[in-house]
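Asker: What follows is a structure written as structure tokens; I'll ask about it next.
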Amino acid sequence: MTAKVIDGKAFAANVRAEVAAHVARLKAEKGITPGLAVVLVGEDPASKVYVKNKHASTIEVGMESFEHRLSAETGEAELLALIDRLNADPAVHGILVQLPLPKHLDAELVINRIDPAKDVDGFHISNVGLLGTGQKSMVPCTPLGCLMMLRDHHGSLAGMNAVVVGRSNIVGKPMAQLLLGDSCTVTIAHSRTKDLAEVCKRADILVAAVGRPEMITGDMVKPGATVIDVGINRIERDGKAKLVGDVHYESAASVAGAITPVPGGVGPMTIACLLANTLTACCRANGLAEPKGLTA
Ligand code: GUN
């Protein structure tokens, strides 16, 4: 079997186009422009690239982008004061504090200072609790993107066996909650799971989010399964820099029914869902109907 390739780049472009159409209507009919504030502390090179891309995508869909770049020496009180100002600013509907923060700052304290209604990352403890109890929340962007692609490919996910490999707060745990919300039978596996291959092989839906290059190989995949690869790992092979996922693509694609590639799979969906979440937050803040198909 050769798996169908799930084109995340094309899917993300469709999501961004849908968001842009909603934003244009909001502006024309209500005079409202959704606004996203991104806070970057320090000079982490990867974070700088992410923030630049987020800014460009925000502008491209017609939203307002508010960038706040602070020095690596910024103190906790100054950062919290900025978040308080953004919480109170009616032009700001979404707030994202780029992680990782410099070591002297307490990321949990900072994230939990964000108004949960503006927490477009879905990392605030209130949103984590709301998602865990099946209530309306802001949902973390990467798992939301994975869910959208799975729903698009399968329609209903009810009754499917889903295995999530990885238990991070940002991907693994919320992914499992979302799959449970769509009535999958969910297993969370991780680095200490016994006989990981056997556990993975039971999955109709296999989500790899462990951060280990090419750890999931074809012999761990059930024939016909849908494989979602969240990993983005920079490795060197044959003297060249290469981007690979947590899944060994060639061997898995020969067994799976459908698979997301790296790059061009889950990656582009993260920013698309950040924009979708900002639009959702803006609609909620203004008592308007939420965009359909862009939320969990
Ligand atoms: N750093 C890497 N990915 C993310 C993300 O999705 N959100 C935030 N806030 N920081 C990140």
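FYI, it's all coordinate maths here, none of it is from the lab. Keep in mind that this is a model prediction, so the values were computed, not measured. We place every Cβ from the backbone using ideal geometry, glycine too, and count neighbours over all the protein chains shown.
Asker: Please flag any cysteine in the chain that has no other cysteine's Cβ under 4.7 angstrom from its own Cβ.
Answerer: Cys146, Cys184, Cys200, Cys282, Cys283, each lacking another Cys Cβ under 4.7 Å.
Asker: Using a Förster distance of 35 angstrom, determine the FRET efficiency expected from the C-beta separation of Asp106 and Arg202, and round it to 0.05. Intermediate results must be reported in sequence, preceding the final value.
Answerer: Numbers: r = 39 Å, r/R0 = 1.13.
In this case the efficiency is close to 0.35.
Asker: Between beta-carbons, use under 13 Å as the cut-off and find the net charge around Val207, counting Lys and Arg +1, Asp and Glu -1. Walk me through the intermediate numbers first.
Answerer: Numbers: positive: Arg167, Lys173; negative: Asp182, Asp204, Asp229, Asp246.
Cβ neighbours under 13 Å give a net charge of -2.
Asker: Net charge near Val41, counting Lys/Arg +1 and Asp/Glu -1 over other residues with Cβ under 14 Å of its Cβ? Walk me through the numbers before you get to the answer.
Answerer: On the way: positive: Lys48, Arg69, Lys103, Arg113; negative: Glu43, Asp44, Glu67, Glu73, Glu76, Glu78, Asp106.
With Lys, Arg at +1 and Asp, Glu at -1, the neighbours total -3.
Asker: Between Ser71 and Asn286, how high is the FRET efficiency from 1/(1 + (r/R0)^6) when r is the Cβ-Cβ distance and R₀ = 30 Å? Nearest 0.05.
Answerer: Values: r = 35 Å, r/R0 = 1.16.
For R0 = 30 Å, the calculated efficiency reads 0.30.
Asker: Near the amide H of Thr185, under 5 Å away, which other amide H atoms are found, from residues 5 or more places off or on another chain, if H is placed in the peptide plane?
Answerer: Gly159, Met160, Asn161, Ala162
Asker: Compute the separation of the alpha-carbon centres of region 190-249 and region 102-121 and state it in Å as a whole number.
Answerer: A separation of 30 Å, based on Cα centres.
Asker: Further question on the same structure: Under the 0.36 nm per residue contour assumption, what length would be gained going from the current alpha-carbon distance of Lys30 and Gln135 to full extension? If you can, show how the numbers build up before the last one.
Answerer: Details: separation 105, 0.36 × 105 = 37.80 nm, distance 2.76 nm.
Difference between extended and current length: 35.0 nm.
Asker: Taking springs between alpha-carbon atoms closer than 10 angstrom, which of Thr260, Thr280, Thr74 fluctuates most in the Gaussian network model of the chain?
Answerer: Top of the fluctuation ranking is Thr74.
Asker: Would you mind telling me the antiparallel percentage of the DSSP bridges in the chain, rounded to 5? Numbers along the way, then the final one.
Answerer: On the way: 5 of 35 bridges.
Roughly 15 percent of the DSSP beta bridges within the chain come out antiparallel.
Asker: Using the alpha carbon gyration tensor of region 1-136, what are the three equivalent-ellipsoid semi-axes (square root of 5 times each eigenvalue), largest first, in whole Å? List each step's numbers first, then the result.
Answerer: Working: eigenvalues 140, 81, 61 Å².
Those come to 26, 20, 17 Å.
Asker: Beyond 35 Å, what percent of the Cα pairs of the chain remain? Don't jump to the answer; show the numbers that get you there.
Answerer: Values: 8114 of 43660 pairs.
Here the tail beyond 35 Å accounts for 19 percent of pairs.
Asker: How high is the relative contact order of the chain, in percent, counting Cα pairs under 8 Å that sit 6 or more residues apart?
Answerer: On the way: 608 pairs, mean separation 64.7, N = 296.
The value is 22 percent.
Asker: Compute the acute angle (0 to 90°) between the alpha-carbon long axis of helix 76-88 and the principal axis of greatest extent of the alpha-carbon atoms of the chain; round to the nearest 10°.
Answerer: Computed tilt is about 80 degrees.
Asker: Quote the charge dipole size of the chain about the Cα centre in Debye, to the nearest 20; the model charges only the Cβ of Lys and Arg (+1) and of Asp and Glu (-1).
Answerer: Values: 30 positive and 31 negative charges, 94 e Å.
Computed about the Cα centre, the dipole is about 460 debye.
Asker: Once the dipole of region 78-144 is set up with Lys and Arg at +1 and Asp and Glu at -1 on Cβ about the Cα centre, which of Pro102, Pro140, Leu79 lies farthest towards its positive end?
Answerer: Ranked along the dipole, the leading option is Pro140.
Asker: Applying 1/(1 + (r/R0)^6) with R0 = 35 Å to the Cβ-Cβ distance of Ala241 and Leu80, what FRET efficiency is obtained, to the nearest 0.05? Write down the numbers at each step before the final one.
Answerer: Numbers: r = 38 Å, r/R0 = 1.09.
The computed FRET efficiency comes out at 0.35.
Asker: What aspartates and glutamates could a cross-link reach from Lys292, if we take a straight Cα to Cα line under 14 Å and drop same-chain neighbours fewer than 8 places away?
Answerer: Glu18, Asp152
Asker: Something else about it: With +1 on each Lys and Arg Cβ and -1 on each Asp and Glu Cβ, how big is the dipole of region 104-219 about its Cα centre, in debye rounded to the nearest 20?
Answerer: Working: 11 positive and 12 negative charges, 36 e Å.
So the dipole magnitude of region 104-219 works out to roughly 180 debye.
Asker: Taking θ as phi - 60°, what are the ³J(HN,Hα) couplings along region 135-141 by the Karplus curve (6.51, -1.76, 1.60), each to the nearest whole Hz, with x for Gly and Pro?
Answerer: The phi angles translate into 9, 4, 8, 8, 9, x, 5 Hz.
Asker: Here's something else I'd like to know. Considering only DSSP states other than H, G, I, E and B, which trypsin sites (Lys or Arg not before Pro) in region 119-171 qualify as loop sites with at most 16 other Cβ atoms within 10 Å?
Answerer: For trypsin sites (Lys or Arg not before Pro) across region 119-171 that sit outside H, G, I, E and B with at most 16 neighbouring Cβ atoms in 10 Å, the list reads Lys136.
Asker: If you don't mind, there's one more thing I want to ask. If the chain between Ser47 and His190 were fully stretched, how many nm would it gain, using 0.36 nm times the residue separation less the Cα-Cα distance?
Answerer: 48.9 nm
Asker: Let me ask another. Tell me the net charge near His153. Cut-off is 12 Å between Cβ atoms, His153 excluded, with +1 for each Lys or Arg and -1 for each Asp or Glu. All intermediate terms of the calculation are to be shown ahead of the outcome.
Answerer: Details: positive: Lys4, Arg151; negative: Asp7, Asp152, Asp204.
Local net charge: -1.
Asker: Which residue, Gly122, Gly155, Gly145, tops the fluctuation ranking in a GNM of the chain built on C-alpha contacts under 10 Å?
Answerer: Residue with maximal mean-square fluctuation among Gly122, Gly155, Gly145: Gly155.
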